[in-house]
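Reading through the structure tokens given below for one structure.
Quick note: the coordinates plus some simple rules give every number you see, no bench work behind them. Note that the coordinates shown come from a computational prediction; the quantities given were computed from them, not determined experimentally. Glycine also receives a Cβ, built like all others from the backbone with ideal geometry; neighbour counts cover every protein chain displayed.
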Amino acid sequence: MPEILPKILVVDDDRHTRILFDRLLARTAVVSLAVDGAEARGLFAAEDFNLVLMDQRLPSDNGIDLLREFRARRPHLVGILMTGFADVRDAVAAVREGVFDYLTKPFEDLEALEAVIGKALELDRAYREIHGLRARLSSEAGTPEVIAQSPAMERVLGQIRQIAGLDTTVLLEGESGTGKELAARLIHSLSKRADKQFLEVNCGGLPETLLESLLFGYEKGAFTGAGQANPGYFEKAHGGNLFLDEIADMSPKLQSSLLRVLQDHSFTRIGSTQARRADFRLICATNRSLLGEVKAGRFREDLYYRIAVVTVGLPPLRERAGDIVPLTAYFLDHYNAKFGKASGPLTPAALQALERCRWEGNVRELQHCIERTVALHAGGPIDVAHLFPAGEPSARAAQAAGAAPALRYQDAREEFEQQYFRHLIAAAGGNMSEAARLSGIPRQNLYVRMKRWGIVTD
């Protein structure tokens, strides 16, 4: 199947700029060229572009106004503004309008230009993945939203689709925050039991007696406070799926009791002698290696082999780098809607910082990072400083990750540029004019490049 190339619209009245982009992107994209606003409007109406590169000053239009017009028709449109007359006020206005980046002409570094375009297209893919996912789910009510573009998660989803329809016990293993509950719900939604109950019990942090009563149920008078009979989760899950989260935290006594239940799906309520039966499919999860727990003598080996019929390992976020941008876009969209905000888009520097962070708390940590950012943000573009306030663990993690040696030439150069500009603005005492004098870079150009890396934010 031939690769589908992204569609890019370049709007510029300068013939040399149009030729440059046409040649630069010929092998990686389908490029449409427009010389003015009227031609751009016609092309935009006829084609669904992945990216628009817009000149600031057009013969009869203002580039920012035209991008604003396009974004009103497609709110998630990714746009890059270009100018040969860099002005700080224009840069600020562009960023406030949600422009992905603000580039100055002539383009001296074509590799850096290609890198910016690549990041912009990555953000567009993320928005389209989310839109496509929601469109699919509109006809599949109850199916959880799973954001996955990385090969690691594609393999996991393939495995889940393969086993979901089989009535077999599943063990989900993965670090905290990797999405084990989401995976369990996905298995349920794709199973033959999807129209029945999905019940979840977290085995961690519950006293043994409480967990036992939740699972097995109890008769009236079985213990102090048992004023009436109450069925347990084994009974309630009849016909459906029962999800036992953090199974490794279950006490030895309850491990033994669970083993007996799994042998023939029969059990007895607390305070009763009547055996009951229930037909449920068991899904378990743990944030530890359950086989390691067996070897350490903390988990029953026979129970392990009962529940680990099929084991699905959920990768940590640091092993699924291709999912960080789409996950970020999804959470940004979600919390903007929840809080009634209009935060975003993220600057290229912010996206890069997110990708460099190790995310020890995995998807949950990323989610909380975006939630906090949107909650505290006044609106408009999101820079590095908005994502990682100084002193927070995630900020230190991002800095540590950013300090690691870059393997790609482009990454190394970008890392050097960021470090250089930070030292430069510090040496200039925060004065942009002095920084421009020391560096020999025009003040307007210097501001735009520092803005790109989140070094200046106003």
**OP:** Could you calculate the contour length gain from Q228 to R128, that is, 0.36 nm times the residue separation minus the distance between their Cα atoms, to one decimal place in nm?
**Re:** 30.8 nm
Subject >> Approximate spin-label separation T209-A26, in nm, with each point projected 7 Å along Cα-to-Cβ >> reply: 8.0 nm
**OP:** Estimate the FRET efficiency between L182 and E69 by the formula 1/(1 + (r/R0)^6), using the beta-carbon distance for r and 35 Å for R0, to the nearest 0.05.
**Re:** 0.35
**OP:** Return the percentage of antiparallel bridges among DSSP beta bridges fully within the chain, rounded to the nearest 5 %.
**Re:** 15 percent
**OP:** Would you mind working out the magnitude of the charge dipole of the chain relative to its Cα centre, with +1 at each Lys and Arg C-beta and -1 at each Asp and Glu C-beta, to the nearest 20 Debye?
**Re:** 960 debye
Original post:
For the residues E122, E114, what sequence is obtained by ranking on other C-beta atoms within 10 Å, fewest first?
Top reply: E114, E122
**OP:** May I ask you to list the aspartates and glutamates whose Cα is less than 12 Å away from that of K295, ignoring any residue fewer than eight positions away on the same chain?
**Re:** none
**OP:** Taking amide H positions as placed in the peptide plane 1.01 Å from N, state which residues far from R281 in sequence (5 or more) or on other chains have amide H under 5 Å from it.
**Re:** G240, N241, L242
Original post:
Can you list the residues, at least 5 places off or on another chain, whose amide H is less than 5 Å from the amide H of F299, using H built in the peptide plane?
Top reply: V294
**OP:** Per residue of the stretch 364-378, in order, report the coupling 6.51 cos²θ - 1.76 cosθ + 1.60 (Karplus, θ = phi - 60°) as ³J(HN,Hα) in whole Hz, putting x for Gly and Pro.
**Re:** 4, 5, 4, 4, 5, 4, 5, 4, 4, 4, 5, 4, 9, 8, 6
Original post:
What is the distance, in nm, between label points placed 7 Å from the Cα along the Cα-to-Cβ direction at A296 and at A46?
Top reply: 6.6 nm
Original post:
Using alpha-carbon pairs under 8 Å, 6+ residues apart, how would you state the relative contact order of the chain in percent?
Top reply: 14 percent
**OP:** For the chain, just list the percent of Cα-Cα distances falling in each 20 Å bin from zero outward, please.
**Re:** 21, 44, 24, 10, 0
**OP:** As a check on your grasp of the helix formula, calculate [θ] at 222 nm for the chain: sum -39500 (n - 2.57) over DSSP H runs of n ≥ 4, divide by the residue count, round to the nearest 500.
**Re:** -15000 deg cm²/dmol
Original post:
What ranking do R128, R306, R449 get, fewest neighbouring Cβ atoms within 10 angstrom at the top?
Top reply: R128, R306, R449
Original post:
Expressed as a fraction of 2.2 N^0.38 Å, the rule-of-thumb size for a compact globular protein of N residues, what is the C-alpha radius of gyration of the stretch 31-86?
Top reply: 1.03
Original post:
Once you have the alpha carbon radius of gyration of the stretch 7-135, what is it after dividing by 2.2 N^0.38 Å, with N set to its residue count?
Top reply: 0.99
Original post:
For L33, L351, L438, what ranking results if the residue with the fewest other Cβ atoms within 10 Å of its Cβ goes first?
Top reply: L438, L33, L351
Original post:
By DSSP, what percent of the beta bridges with both residues in the stretch 151-314 are antiparallel, rounded to the nearest 5?
Top reply: 20 percent
Original post:
So who's got an amide H within less than 5 Å of the one on L25, skipping anything under 5 residues away but keeping other chains? H placed 1.01 Å off N, in plane.
Top reply: none
Original post:
Each residue of the stretch 99-111 in order: what ³J(HN,Hα) in whole Hz does its phi give by Karplus 6.51 cos²θ - 1.76 cosθ + 1.60, θ = phi - 60°, with x for Gly and Pro?
Top reply: 5, 5, 7, 10, 10, 9, 9, x, 8, 7, 10, 6, 5
Subject >> Most positive-pole-ward Cα, I324, L303, C284, against dipole of the chain from beta carbon charges >> reply: L303
Original post:
Do the alpha carbons of any pairs in K192/K338; K7/K119; K119/K451; K105/K451; K192/K253 sit beyond 24 Å of each other, and which pairs?
Top reply: K192/K338; K192/K253
**OP:** Return a whole-number percent for the relative contact order of the stretch 7-135, with Cα pairs under 8 Å and 6 or more residues apart as the contact set.
**Re:** 20 percent
Original post:
Got the relative contact order for the stretch 151-314 handy, in percent, Cα pairs under 8 Å and 6 or more residues apart?
Top reply: 34 percent
**OP:** Report the label-to-label distance for F339 and H238 in nanometres (one decimal), using points 7 Å from each Cα along the Cα→Cβ vector.
**Re:** 4.7 nm
**OP:** Just report the Cα centroid separation between the stretch 194-214 and the stretch 287-362, whole Å.
**Re:** 23 Å
Subject >> Student exercise, the stretch 151-314 dipole from Lys, Arg, Asp, Glu Cβ charges, in Debye to nearest 20 >> reply: 320 debye
